[in-house]
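A.B. asks: Submitted below is the structure of interest, expressed as structure tokens.
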Amino acid sequence: MKCPYCGVLNTRVVDSRPGKIELEVRRRRECQSCAKRFTTYERVEMTPVMIVKKDNRREEFNREKVLSGIKKACEKRAISIHQILDIVDGIERDLREQTDSEIPSNVVGEKVIEALKSIDDVAYVRFASVYREFKDVDDFIQELKRLIPKDCPPSDSDPRPDLYNE
């Protein structure tokens, strides 16, 4: 491994342990020349998962794209980056476990929606509004109605009691 500090190829592994995600190894290395230490990560190279878009274009699964969408939906919410990364890791793991290497994009979107729905209603509605392309306020109201328990009566202080009526 080439030292990022001095460029010499003579480095040794000081410590090796499992990485944060499955099939990843974290290695601490030390340069034999300049004695500086650095960390490398090794990942198993998997067969790429191809995502089939609505217009039938195909692109390789991009976890950064999924991560970015989830982070936007979770902005200013009490959701830790660890929770978000767990969602992305779970989705990636699920996709890689499928036997088909070409997966429709709506499968990925629905996995994100289900994960967000289980941790935060606001993040869920934010993501759903973009993913499902809400056209107007009525689309939001219909989605919110699905979140309200059927046995939840409106209160006297509720500004929108008609939201509960279907």
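The values are calculated or read from the model by the stated rules, or taken from the named source; none is laboratory data. Every value quoted in this text rests on a predicted model; they were computed, and no experiment measured them. Heads up, the Cβs are rebuilt from the backbone with ideal geometry, glycines too, and the neighbour counts pull from every protein chain shown. Each accessible area value is taken on the protein alone, full model and side chains, heavy atoms only, with ligands, DNA and RNA left out. Shrake-Rupley method; radii C 1.70, N 1.55, O 1.52, S 1.80 Å.
A.B. asks: Please give the number of the condition residue 92 fails out of (1) part of a helix (DSSP H, G or I); (2) surrounded by fewer than 17 Cβ atoms within 10 Å (Cβ to Cβ).
C.D. replies: Going through the list (1) part of a helix (DSSP H, G or I); (2) surrounded by fewer than 17 Cβ atoms within 10 Å (Cβ to Cβ), residue 92 breaks only (2).
A.B. asks: A further question on this structure: Hey, can you tell me all the residues within segment 9-52 that are open to solvent by 50 Å² or more (accessible area, probe 1.4 Å), in contact (Cβ under 8 Å) with a residue 24 or more places away in the chain and within 26 Å of residue 99 (Cβ to Cβ)?
C.D. replies: Hits for segment 9-52 are 22, 43, 46, 47, 48, 50.
A.B. asks: While we're looking at this one, here's another question. Just to check your reading of the model, which residue among 128, 123 is at pLDDT 75 or above, part of a helix (DSSP H, G or I), touching a Cys at 6+ places or on another chain (Cβ under 7 Å) and open to solvent by less than 70 Å² (accessible area, probe 1.4 Å)?
C.D. replies: Just one listed residue meets the conditions, 123.
A.B. asks: Please determine, by comparing only the residues of segment 1-50 that are basic (Lys, Arg) and outside any strand (DSSP E or B), which one is nearest to residue 65 (Cα to Cα). Walk me through it before giving the result.
C.D. replies: Here is the first cut: in segment 1-50, the ones basic (Lys, Arg) are 2, 12, 17, 20, 26-29, 36-37, 43.
Okay, now just the ones that are also outside any strand (DSSP E or B), so 2, 20, 36.
Numbers: 2: 30, 20: 19, 36: 34 Å.
Per the stated criteria, the residue is 20.
A.B. asks: Out of 102, 60, 75, I need the residue that is over 17 Å from residue 22 (Cα atoms), loosely packed, with under 14 Cβ neighbours inside 10 Å and over 16 Å from the mean Cα position of the chain (by Cα). Which one? Show your work before the answer.
C.D. replies: Numbers: 60 fails: over 16 Å from the mean Cα position of the chain (by Cα); 75 fails: over 16 Å from the mean Cα position of the chain (by Cα).
Sole residue among the options that is over 17 Å from residue 22 (Cα atoms), loosely packed, with under 14 Cβ neighbours inside 10 Å and over 16 Å from the mean Cα position of the chain (by Cα): 102.
A.B. asks: Related question: Mind checking which residues of segment 65-98 are among the small types (Gly, Ala, Ser), in contact with a Phe, Trp or Tyr (Cβ under 9 Å, 6 or more places away or on another chain) and either touching a residue at least 60 places away in the same chain (Cβ under 8 Å) or within 13 Å of residue 111 (Cα to Cα) (or both)?
C.D. replies: To start, the set of residues in segment 65-98 that are among the small types (Gly, Ala, Ser) comprises 68-69, 73, 78, 80, 90.
Next, only the ones that are in contact with a Phe, Trp or Tyr (Cβ under 9 Å, 6 or more places away or on another chain) stay: 69, 73.
69 - this is the single residue of segment 65-98 that is among the small types (Gly, Ala, Ser), in contact with a Phe, Trp or Tyr (Cβ under 9 Å, 6 or more places away or on another chain) and either touching a residue at least 60 places away in the same chain (Cβ under 8 Å) or within 13 Å of residue 111 (Cα to Cα) (or both).
A.B. asks: Sticking with this one: Just give me the residues in segment 134-166 being assigned to a loop (DSSP other than H, G, I, E, B), modelled with pLDDT of 70 or more and either closer than 18 Å to residue 66 by Cα or open to solvent by 80 Å² or more (accessible area, probe 1.4 Å) (or both), in sequence order.
C.D. replies: Of everything in segment 134-166, just one residue is assigned to a loop (DSSP other than H, G, I, E, B), modelled with pLDDT of 70 or more and either closer than 18 Å to residue 66 by Cα or open to solvent by 80 Å² or more (accessible area, probe 1.4 Å) (or both), namely 135.
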